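Comments concern the structure below.
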Amino acid sequence: MRFIILPPVVMVFTAVLMVALHKYAPIGHLWQSPYRWDGIVLLVLGLGVAQWHARLFKRLNTNIDTFGEPDTLTTEGLFSVSRNPMYLGFVIALTGLAILLGSVSPFLGVIGFALLANHWYIPYEERRMLEKFGRQYLEYRARVRRWL
């Protein structure tokens, strides 16, 4: 049953919820085409960032499971400027979807996902990283911001 709460599953659920909010409870319309299509750029960029770092974990043969034991303190790729580039990618993608949809209500999903990541997933992962890597993780955390 644990797979239900993994971040990619929550991200997809959030995207579906955002579409439903837009369709059934739209709050104002922010912009019309062609400006809404700019959201595609962010959607693709965000998914690309998340996928790039998922592949990086695979290449480094390190655990990607949020609730699994961390194997490696990864500092390559965007991990050199953000401790959470995959979550950042998800938030960028969801923001792109909200822009593409064009109403205010989908942004509630973006905010909800960002808050969930920032206050539940990330603190859990940070505790695990601190337990596993100690001083090395503290030094990394001191020089690299949580988001950007």
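Here the stretch 16-60 is the region considered, the condition is being within 30 Å of F79 (Cα to Cα) and aromatic (F, W, Y), and the residue that is modelled with the lowest pLDDT is W37. The single condition among (1) closer than 12 Å to A98 by Cβ; (2) under 21 Å from the mean Cα position of the chain (by Cα) that I27 does not meet is (2).
Remark: pairs (first residue in the stretch 76-98, free of Cβ contacts under 8 Å to residues at least 60 places away in the same chain; second residue hydrophobic (A, V, I, L, M, F, W, C) and buried (at least 23 other Cβ atoms within 10 Å of the Cβ); Cβ separation under 7 Å; 6+ apart in sequence or on different chains) = V91/F113.
For every residue, the table says whether it meets (1) modelled with pLDDT of 95 or more; (2) outside any helix (DSSP H, G or I); (3) surrounded by 15 or more Cβ atoms within 10 Å (Cβ to Cβ).
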| position | (1), (2), (3) |
| --- | --- |
| G112 | yes, no, yes |
| N118 | yes, no, yes |
| I122 | yes, no, yes |
| R128 | yes, no, yes |
| A142 | yes, no, no |
| R145 | yes, yes, no |
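Number of residues in the stretch 35-75 that are in a loop (DSSP other than H, G, I, E, B) and either touching a strand residue (DSSP E or B) at 6+ places or on another chain (Cβ under 6 Å) or closer than 21 Å to R127 by Cβ (or both): the value is 14. Scanning the stretch 67-91 for residues that are surrounded by fewer than 20 Cβ atoms within 10 Å (Cβ to Cβ) and over 18 Å from E139 (Cβ atoms) yields F67, G68, E69, D71, G77, L78. Within the stretch 82-103, is there a residue that is at pLDDT below 95 and assigned to a loop (DSSP other than H, G, I, E, B)? Yes: one or more hits.
Just to verify a result, which residue in the stretch 1-34, among those that are free of Cβ contacts under 8 Å to residues at least 24 places away in the same chain and touching a helix residue (DSSP H, G or I) at 6+ places or on another chain (Cβ under 8 Å), is surrounded by the most Cβ atoms within 10 Å (Cβ to Cβ)? Selected residue: V9.
The values are calculated or read from the model by the stated rules, or taken from the named source; none is laboratory data. Bear in mind that the values here come from a model prediction, so they are computed numbers and not experimental data. Ideal geometry is used to build each Cβ from the backbone, glycine not excepted, and the neighbour counts take in all protein chains shown.
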